[in-house]
Amino acid sequence: AAINLLVSVQIPKKLKTTMAQSSSNNGGTDQVLVEERASVRTIILNRPKQLNALSFPMISRLLELFHASEGDSNVKMIILKGNGRAFCAGGDVTAVVHNVRQGNWKLGADYFREEFTLNYLMATYSKPQVSILNGIVMGGGLGASVHGRFRVATEKSVCAMPETALGLFPDVGASYFYSRLPGFFGEYAGLTGARLDGAEMLACGLATHFVPSERLPFLEQALAKVNTSDPDVISTIISRFSNIPKLKAESPYHKMNIIDRCFSRRTIEEIISSLENEALNKKDDWISSTIQSLKKASPTSLKISLRSIREGRLQGVGSCLVREYRMVCHVLRGE
């Protein structure tokens, strides 16, 4: 969950029980909207001015809604989308940062535990989740979507996990889903915080479909008529509105040979050295900017992130989230 220091969030500076009460009483209901259509429940992240950054009340409310929907036989599918120009710009951890600075890291740990629990629920959910990624998707926004069955990108989609530049590491289960991208593209995206567009998200597997934004209303109308949880039926409906976009000429996805050669190295130092050797052999602005991104990032974060993604290759999503939670607690404590 990328730190969003510019976003204010009204979370009481008390115990977690107080925060949970605030979320169920009022906080989450206006920040998360719900629409019911036949067998489809549409959940809308509703903090457009904050690019739908996830506050503690939002996460608690999402957990409530997902648990209730799983137990409701009338609900066959969940659609998750954002209001405004973002799906979700990450976790709004302003309160977490404040509490850590006050010496109370455990309140921050409560936030991340709740968020990671939501990620795990989505990853193991019994009903299809269709996430409409029409806009900015960063940090915790990826955690709230990539774990679901269907992720619909558009030409407006921009996704990234810029955690290494913030002194954190790609979390929310990123060590699971980044480690399963083609080749070593996950290491590249996780270490550099590279921004990917909708076409690149589809190419690497972060998105399952690409639908032009102008067709989204028609897609949602078609999905609203669904009375089944059969993923094949839902995939067929989404596919009717989707297409395969062309990657831009400068897309890093065209650099997979270099990415695999360099980002497969054992250590951060070897990755940077390998990239510098590539730069000696040919002038390439992408190689230069990639080196600069790594050198500007937190060295500790880079090392933590690389090891996390490497370990994620051998672990299930639950084990990845448990390990990432322990890692977050160490970071919050400054250890």
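The values are calculated or read from the model by the stated rules, or taken from the named source; none is laboratory data. Just so you know, these numbers come straight off a predicted model, no measurement behind them. In this analysis, Cβ positions are derived from the backbone assuming ideal geometry, glycine residues included, and neighbour counts consider all displayed protein chains. These accessible areas exclude ligands, DNA and RNA; they are computed on the full protein's heavy atoms, side chains included. Shrake-Rupley method; radii C 1.70, N 1.55, O 1.52, S 1.80 Å.
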Accessible area per residue of the chain at 1.4 Å probe, in Å²? 43
Would you look at the GNM of the chain, springs on alpha carbons closer than 10 Å, and say which of Leu118, Leu216, Leu80 moves the most? Leu216
So which of Lys49/Lys156; Lys248/Lys282; Lys49/Lys76; Lys156/Lys303 end up more than 26 Å apart by C-alpha? Lys49/Lys76; Lys156/Lys303
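Mind checking the full-extension length gain between Thr228 and Glu35? Use 0.36 nm per residue of separation minus the Cα-Cα distance, one decimal, nm.
67.7 nm
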Amide H contacts under 5 Å for Val158, restricted to residues at least 5 apart in sequence or on another chain and with H modeled in the peptide plane, are Gly135, Ile136, Val137
Which of Ala199, Ala207, Ala224 moves the most in a Gaussian network model of the chain with Cα springs under 10 Å? Ala224
Among the aspartates and glutamates, select those whose C-alpha is under 13 Å from the C-alpha of Lys127, and discard any that sit fewer than 8 residues away in the same chain. Glu70, Asp72, Asp230, Asp232
At 222 nm, what helix-only mean residue ellipticity would the chain give, in deg cm²/dmol to the nearest 500, using -39500 (n - 2.57) for each DSSP H run of four or more? -14000 deg cm²/dmol
Carbon plus sulfur fraction of accessible area for region 37-96, probe 1.4 Å, in percent: 46
From the residues Thr300, Asn243, Met256, which one has its Cα farthest along the dipole of region 236-308 in the positive direction, the dipole being from +1 and -1 charges on Cβ of Lys/Arg and Asp/Glu about the Cα centre? Asn243
Along Cα→Cβ, 7 Å out, is where each label goes; now give me the distance between the ones at Leu247 and Arg101 in nm to one decimal. 4.2
Separation of region 201-221 and region 244-276 by C-alpha centroid, Å? 26
Any idea what the dipole of the chain comes to, in debye rounded to 20, about its Cα centre with Lys/Arg Cβ at +1 and Asp/Glu Cβ at -1? 280
Rounded, prolate or oblate: which fits region 167-245 when a ≥ b ≥ c are the square roots of the eigenvalues of the alpha-carbon gyration tensor, with rounded for a/c under 1.5 and prolate only if a/b beats b/c? prolate
Considering only DSSP beta bridges whose two residues both sit in the chain, what percent are antiparallel, to the nearest 5? 30
For region 209-264, with all protein chains present and a 1.4 Å probe, just round the carbon and sulfur fraction of the accessible area to a whole percent. 51
C-alpha center-to-center spacing [region 72-120, region 129-164] in angstrom: 14
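Which of the trypsin sites (Lys or Arg not before Pro) across region 303-335 are loop residues per DSSP, with 14 or fewer other Cβ within 10 Å?
Arg313
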Among residues other than Phe116 whose Cβ falls under 10 Å from its Cβ, what is the net charge (Lys/Arg +1, Asp/Glu -1)? -3
Sequence-distant or interchain residues sharing an amide H contact under 5 Å with Gly91, placed H: which? Ala2, Leu54, Gly140, Gly141
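Before anything else, pin down the relative contact order of the chain: Cα pairs under 8 Å, at least 6 apart, normalised by residue count, whole percent.
18
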Selected from Leu121, Asn227, Val96, residue furthest toward positive end of dipole (the chain; charges at beta carbon): Val96
